[in-house]
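Down below is the structure, laid out as structure tokens.
The values are calculated or read from the model by the stated rules, or taken from the named source; none is laboratory data. Note that this is a predicted model, so its numbers are computed, not measured. No Cβ is skipped: glycine too gets one built from the backbone with ideal geometry, and neighbour counts run over all protein chains shown. Heavy atoms of the whole protein, side chains included, go into the accessibility calculation; ligands, DNA and RNA do not. Shrake-Rupley method; radii C 1.70, N 1.55, O 1.52, S 1.80 Å.
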Amino acid sequence: GGGLQVDAPLGGAIFVVPGDQPAAISGADGRVLLGQFTSNAPSSLTLSLHYLTASAPSQDAFDLSLDFPSVWSGCADALACNFNAADAESCIYALPNMDCGGICLHDVDNDGICDENEISGCTYASACNYDAAATDENGTCTFAAPHLDCNGDCLVDANENSICDHNETWGCTYTQAANFNASSTIDDGSCVLASCIPLSETCAADIDESGYVSMSDLLIFLSVYQNWCE
């Protein structure tokens, strides 16, 4: 239950009460841990024990000798990279998934990144779903459509009409013009407007200048009815 410092020729003693120290009661293997001892020089330790068993209420064992071997200075952990290295201040261990030389234990693609540390993802920097942390390309990269960004917005749209400049169509956009182009998105100033039909000086209603007013004059009038004239 605690440490004991022995620094006198007469030694020392510890009294353990099982009720207070459950560790003093043996386990299923019949063994009890008596203590752990360290020494900074070759030496020996003498133990005298008084203990109880199921078959005998009281047992004594006197002058049991424990010998300490020569002091070892170095790394004594067989799993350490510097195991058995004399005068080592501390044990040195390999990084996870690597050997003591810093080489991956498993690296199928030989890229210097241990398989356990690989991250599968899109590795193309120009892709919309580029993953800077990814180490393995997995074929999931997605790219923006031509002239659009990853949000579907135009890269260049000078007139802010949501039609990319590259896709704009120039032409006449005035619906009353003779050369109106329904597919045009930007007016280029090329509209041609129909001229008003001149009236005869002698007969204002003789639109076709046939010499008399007839149904054809009315049809001509109706065909241009409500047209705008310059």
Which one of the conditions (1) more than 30 Å from residue 167 (Cβ to Cβ); (2) in contact with a strand residue (DSSP E or B) (Cβ under 8 Å, 6 or more places away or on another chain) does residue 122 fail to meet, given that it meets all the rest?
(1)
Given the structure, is residue 216 open to solvent by less than 90 Å² (accessible area, probe 1.4 Å) and at pLDDT 85 or above?
no
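Based on what the data block shows, is residue 166 under 38 Å from the mean Cα position of the chain (by Cα), under 30 Å from residue 131 (Cβ atoms) and at pLDDT below 85?
Working: under 38 Å from the mean Cα position of the chain (by Cα): yes; under 30 Å from residue 131 (Cβ atoms): yes; at pLDDT below 85: yes.
In short, yes.
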Can we say residue 184 is of a type in the set (Ser, Thr, Tyr), open to solvent by 60 Å² or more (accessible area, probe 1.4 Å) and either at pLDDT 85 or above or assigned to a loop (DSSP other than H, G, I, E, B) (or both)?
no
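Pick from region 80-107 the residues that are within 30 Å of residue 135 (Cα to Cα) and of a type in the set (Asp, Glu): which of them is farthest from the chain's Cα centre (by Cα)?
Residues of region 80-107 within 30 Å of residue 135 (Cα to Cα): 80-81, 92-107.
Now restrict to residues that are of a type in the set (Asp, Glu): 99, 107.
Values: 99: 26, 107: 21 Å.
Going through the qualifying residues, I end up with 99.
Just give me the residues in region 114-133 being hydrophobic (A, V, I, L, M, F, W, C) and either touching a Gly at 6+ places or on another chain (Cβ under 8 Å) or open to solvent by less than 50 Å² (accessible area, probe 1.4 Å) (or both), in sequence order. Let's see the steps before the verdict.
Step one: of region 114-133, the residues hydrophobic (A, V, I, L, M, F, W, C) are 114, 119, 122, 125, 127-128, 132-133.
Passing the criteria: 114, 122, 127, 133.
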So, in region 153-169, how many residues would count as being open to solvent by less than 90 Å² (accessible area, probe 1.4 Å), in a loop (DSSP other than H, G, I, E, B) and acidic (Asp, Glu)?
3
In region 30-84, which residues are modelled with pLDDT of 75 or more, part of a strand (DSSP E or B), polar (S, T, N, Q) and surrounded by 10 or more Cβ atoms within 10 Å (Cβ to Cβ)?
46, 48, 59
With criteria (1) open to solvent by 70 Å² or more (accessible area, probe 1.4 Å); (2) in a loop (DSSP other than H, G, I, E, B); (3) among the acidic types (Asp, Glu), residue 111 comes up short on (1)
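Tell me which residues, restricted to region 85-108, are of a type outside the set (Gly, Ala, Ser) and either in contact (Cβ under 8 Å) with a residue 60 or more places away in the chain or open to solvent by 70 Å² or more (accessible area, probe 1.4 Å) (or both).
Residues satisfying the conditions are 87, 89, 92, 93, 95, 96, 100, 103, 105, 106, 108.
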Output yes when any residue across region 134-150 is open to solvent by less than 60 Å² (accessible area, probe 1.4 Å), assigned to a loop (DSSP other than H, G, I, E, B), at pLDDT 85 or above and within 30 Å of residue 95 (Cβ to Cβ), and no when none is.
yes
When you check residue 100 against the structure, is it in contact with a Phe, Trp or Tyr (Cβ under 6 Å, 6 or more places away or on another chain), more than 30 Å from residue 185 (Cα to Cα) and assigned to a loop (DSSP other than H, G, I, E, B), yes or no?
no
